[in-house]
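The values are calculated or read from the model by the stated rules, or taken from the named source; none is laboratory data. Since the model is a prediction, treat every value here as computed from it, not as a measurement. Heads up, the Cβs are rebuilt from the backbone with ideal geometry, glycines too, and the neighbour counts pull from every protein chain shown. Accessible surface areas use protein heavy atoms only, side chains included; no ligands, DNA or RNA. Shrake-Rupley method; radii C 1.70, N 1.55, O 1.52, S 1.80 Å.
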Amino acid sequence: MLIRSQNKMSLVKFENIVININNINGKEIICWSQMNPGEDEYILLGHYSNKAKAMKVLDMIQEAYINGHIDYQMPEDGSVEV
């Protein structure tokens with residue numbers, strides 16, 4: 001599955017990345033390559049107004065993957081309902 005970042009500037013292959021909520025502020029969904037686990041660089045996939053919305057988007061990514069979607073567009077903050 002391909003994931004397009006919220007700002008549409010990044011396209012990542014789900015099978016090659018780790019995705020999580022940024023521990024620093026809890027409002028950003030970030031990813032990084034499984035191929036380079038020692039690197040500190042990450043890609044910002046989306047920024048949300050609160051942690052609950054970020055968690056909801058992670059749930060939505062998981063659901064899309066389980067249901068066999070081939071692509072996923074990170075939603076804007078205003079379109080995520082908690």
- [ ] Quickly run through the range 30-45 and pick out the residues that are among the hydrophobic types (A, V, I, L, M, F, W, C), within 15 Å of N7 (Cβ to Cβ) and free of Cβ contacts under 8 Å to residues at least 24 places away in the same chain.
- [x] I30
Open item on the list: Out of the residues in the range 51-82 meeting the condition of being touching a helix residue (DSSP H, G or I) at 6+ places or on another chain (Cβ under 7 Å) and over 14 Å from R4 (Cα atoms), tell me which one is modelled with the lowest pLDDT.
Closed with: V82
- [ ] Considering only residues that are free of Cβ contacts under 8 Å to residues at least 12 places away in the same chain and outside any helix (DSSP H, G or I), look in the range 63-82 and name the one that is most open to solvent (accessible area, probe 1.4 Å).
- [x] N67
Task: Evaluation of Y48 against (1) over 19 Å from M1 (Cβ atoms); (2) open to solvent by 100 Å² or more (accessible area, probe 1.4 Å) (one fails), failing number - done: (2)
- [ ] Out of K13, K53, report the one residue that is open to solvent by less than 50 Å² (accessible area, probe 1.4 Å) and of a type in the set (K, R).
- [x] K53
Open item on the list: For the range 32-45, give me each residue that is touching a helix residue (DSSP H, G or I) at 6+ places or on another chain (Cβ under 9 Å) and surrounded by 15 or more Cβ atoms within 10 Å (Cβ to Cβ).
Closed with: S33, L45
